[in-house]
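**Student:** Sharing a structure with you now.
Coordinate-derived values only; no laboratory data. The structure displayed is predicted, hence computed values, not measured ones. All Cβ positions, even for glycine, are placed from backbone atoms using ideal geometry, and neighbour counts span all protein chains on display.
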Amino acid sequence: ARIRRYKWEVKYEYKSPDCLKKLVIAINGRTPGPSILAQQGDTIIVELKNSLLTENVAIHWHGIRQIGTPWSDGTEGVTQCPILPGDTFTYKFVVDRPGTYLYHAHYGMQREAGLYGSIRVSVPDGVAEPFPYDYDRSIILNDWYHKSTYEQATGLSSRPFVWVGEPQSLLIQGRGKFNCSLLTSPSLEPGVCNATKPECSPYALTVIPGKTYRLRIASLTALSALNFEIEGHNMTVVEADGHYVEPFVVKNLNIYSGETYSVLVKADQDPSRNYWTAVNVVSRKPVTPTGLGLFNYYPNHPRKSPTTIPPTGPLWNDTEYRLAQSRAIKARQGYIHPPPVTSDRVIVLLNTQNEIDGYRRWSVNNVSFTLPHTPYLIALKENLTHAFDQTPPPDNYDFVNYDIYSVAKNPNATSSSGIYRLQFNSTVDIILQNANTMNVNNSETHPWHLHGHDFWVLGYGKGKFDMFNDPKNYNLVNPIMKNTVPVHQFGWTALRFRADNPGVWAFHCHIESHFYMGMGVVFEEGVEKVGELPSSIMGCGETKGFHKP
Ligand code: C2O
Ligand code: CU
């Protein structure tokens, strides 16, 4: 195993990812930031300098479990104090499993300002992947807003609530193309939106005819559920969130924010032309145009657009189709880690949209999550009992009587910074239960992401979870392990995990605005087993005196 050192500087810069000039947060001048390429067992050291001038930052290593290093999880308010402007913070952790992972900002809504990138962990020397391919490529999908994150966050926390609407563009590996002629503002300086900038040319994936490509596709959208398609090519799904999948073939792939997949694609079509790669919004009525890139057959020119019509994806409101694809994902034969057959605790998490004192919020079991000023990890280790709400949130809601198909009669919720304390090494089941939002006949897709663990996906269902019958149909034979999973509209998703990683871990909806509006919980387990905390994570809230330089 090797040590891989990175020196990153985080800074605001002007960029034009979709042709419109905008302030973005870049790492070493780039968005997406530099890729971390490592091998299983390597130690990653990232020395992060915050040059945002007036803004804090923290970076989360999405999918890395941080076994033995819970303070390196990068979750502001949970595992560390934010990194102050001008400060340098060092993250150090081991990438203990091969697979496809991500990193992104975990402070406020900075992720959608462009602070993200990919982590690719390869198998150790002498170990073979269970499928052959010739080349390996990483592609991050994202949605893109023209309004600043500050303007968005201000709207979300205003009364009445101001919603930014659908994103302007979809980006493939940081690139998209906004139709500049749609901009009517007379105050716009010339050149601010310019489709001829090289920066806003579509992402081209150049392929050699006959070769097989492993595409590591990840989504870090702020809002959108996406569908990814390569015109005229099938894809074989082989990995999800770092776990091998029993291979299955798709024409297009649904992908939710925080998920990663590897697909194999063979360049086996007519090589005399290029093909579209297309990203379409699903689950919400699309307003954002298709995001396009090129599947470029060498030696055709990488900027030569196909004359064909780009794929428009499946019907955006075909929930059945998406549910079926979710269900098709099974652990690969020979790589199955069977789950414990029973669990010690079942926590049902009802997802609702609410109002608190006229402010729009998202809640779980009627509790809207608020981050404390003192990170939990420090508060728990140092016994700072005033740092957060000591009452845990409920394990359940009024299961029998709650009508998930209607707008809640009483949409009021409470807010709290309370957490779930799990018994170390116990097995926990989580039932994510979706419901109607504050609009009639409306339910949204929520991709839930768990820090510090992988969980088994035991099942997905429609409607209200049936405590008695649904568990009988759990897949205990070959469930896939993941770190992010969608709960579909008006449906439920059941997960199981072992609380075996000492630390404090966030579990939240990966939609940036939803987490910001309270859609998350925090789990603590075995915090007494956590080693001495580095003083570099301290300095905020009640830990001010603890910051020893
Ligand atoms: Cu990728 Cu807590 O998020
Ligand atoms: Cu959500």
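**Student:** How large is ³J(HN,Hα), in whole Hz, for each residue of segment 399-405 in order, when computed from phi with the Karplus curve 6.51 cos²θ - 1.76 cosθ + 1.60 and θ = phi - 60°, using x for Gly and Pro?
**Tutor:** Rounded to whole hertz, the list is 4, 5, 9, 6, 9, 6, 9.
**Student:** In debye, nearest 20: dipole of the chain around its Cα centre with unit charges on the Cβ of K, R (+) and D, E (-)?
**Tutor:** Around 1120 debye, computed over the chain.
**Student:** Could you tell me the distance between the Cα centroids of segment 15-39 and segment 270-343, to the nearest Å?
**Tutor:** If we compute the Cα centre of each part, the gap is 23 Å.
**Student:** Would segment 129-334 count as rounded, prolate or oblate if I go by the C-alpha gyration tensor, calling it rounded below 1.5 in a/c and otherwise prolate when a/b exceeds b/c, oblate otherwise?
**Tutor:** oblate
**Student:** Could you tell me which of F507, G33, L533 has its Cα farthest along the dipole of the chain towards the positive end, charges placed at Cβ (Lys, Arg +1; Asp, Glu -1), taken about the Cα centre?
**Tutor:** G33
**Student:** Using the count of nearby Cβ atoms within 10 Å as a rough guide to exposure, how do V121, V237 rank from fewest to most?
**Tutor:** V237, V121
**Student:** Taking +1 at the Cβ of each Lys and Arg and -1 at the Cβ of each Asp and Glu, which of Y107, G459, P289 sits farthest along the dipole of the chain towards its positive end, judged by Cα position relative to the Cα centre?
**Tutor:** Going by the charge dipole, the pick is P289.
**Student:** Mind putting a number on the dipole of segment 131-203 about its Cα centre? Charges go on the C-beta only, +1 for Lys and Arg and -1 for Asp and Glu, and I need it in Debye to the nearest 20.
**Tutor:** Here the size comes out at about 140 debye.
**Student:** Based on the alpha-carbon gyration tensor of segment 345-546 and its eigenvalue square roots a ≥ b ≥ c, which shape applies: rounded if a/c is under 1.5, prolate if not and a/b is larger than b/c, or oblate?
**Tutor:** Oblate shape, in that a/c is at least 1.5 and b/c is the bigger or equal ratio.
**Student:** Once you measure Cβ to Cβ distances between cysteines in the chain, which Cys have no partner under 4.7 Å?
**Tutor:** Here C509 come out as lacking a disulfide-compatible partner, given the Cβ-Cβ threshold of under 4.7 Å.
**Student:** Under the Karplus relation 6.51 cos²θ - 1.76 cosθ + 1.60, θ = phi - 60°, what is the ordered set of whole-Hz ³J(HN,Hα) values for segment 172-177, x standing for Gly and Pro?
**Tutor:** 3J(HN,Hα) across segment 172-177, in whole Hz: 10, 6, x, 10, x, 9.
**Student:** On a C-alpha basis, how far is the centre of segment 419-439 from the centre of segment 50-70 in Å? Whole number, if you could?
**Tutor:** Segment 419-439 and segment 50-70 have Cα centres separated by 24 Å.
**Student:** On to the next question. What does a probe at C180 reach in segment 11-37, counting residues whose amide N is under 13 Å from the point 7 Å along Cα→Cβ?
**Tutor:** 16-22
**Student:** Under the rule of at least 5 residues apart or a separate chain, name every residue whose amide H is placed under 5 Å from the amide H of Y103.
**Tutor:** Residues meeting the criterion, in which the H sits 1.01 Å from N, are H62, G117, S118, I119.
**Student:** Based only on other Cβ atoms within 10 Å, what is the fewest-to-most ordering of S272, S35, S224?
**Tutor:** The order, fewest Cβ neighbours first, is S272, S35, S224.
**Student:** What does the charge dipole of segment 292-381 about its Cα centre add up to, to the nearest 20 debye, if the Cβ of each Lys and Arg holds +1 and the Cβ of each Asp and Glu holds -1?
**Tutor:** 400 debye
**Student:** Further question on the same structure: Got a sec? Charge dipole of the chain, +1 on Cβ for Lys and Arg, -1 for Asp and Glu; which of G191, T427, F490 is way out at the positive end?
**Tutor:** Among G191, T427, F490, the one farthest towards the positive end of the dipole of the chain is G191.
**Student:** I've got another one for you. Per-residue ellipticity at 222 nm for the chain, helices alone: DSSP H runs ≥ 4 residues times -39500 (n - 2.57), over residue total, nearest 500 deg cm²/dmol?
**Tutor:** Using -39500 (n - 2.57) per qualifying helix, the result is -1500 deg cm²/dmol.
**Student:** If r is the Cβ-Cβ distance from R5 to T414 and R0 is 45 Å, what FRET efficiency results, to the nearest 0.05?
**Tutor:** The pair R5/T414 has a calculated efficiency of 0.50.
**Student:** When C19, C180 are ordered from fewest to most other Cβ atoms inside 10 Å of their Cβ, what list results?
**Tutor:** Going from least to most buried by this count: C180, C19.
**Student:** Below 21 Å, Cα to Cα, which lysines can K7 reach? Residues fewer than 8 away in the same chain don't count.
**Tutor:** K49, K92
**Student:** What is segment 342-419 by shape, rounded, prolate or oblate, if you read a ≥ b ≥ c off the alpha carbon gyration tensor as root eigenvalues and call it rounded for a/c under 1.5, prolate for a/b larger than b/c, and oblate otherwise?
**Tutor:** Taking the square roots of the gyration eigenvalues as a ≥ b ≥ c, segment 342-419 is oblate.
**Student:** Related question: Pop a pseudo-label 7 angstrom from the Cα along the beta-carbon direction at both D318 and E129 and give the gap in nm to one decimal.
**Tutor:** 2.8 nm
**Student:** Using Cα pairs under 8 angstrom and six or more residues apart, how large is the relative contact order of the chain, in percent?
**Tutor:** Relative contact order of the chain: 14 percent.
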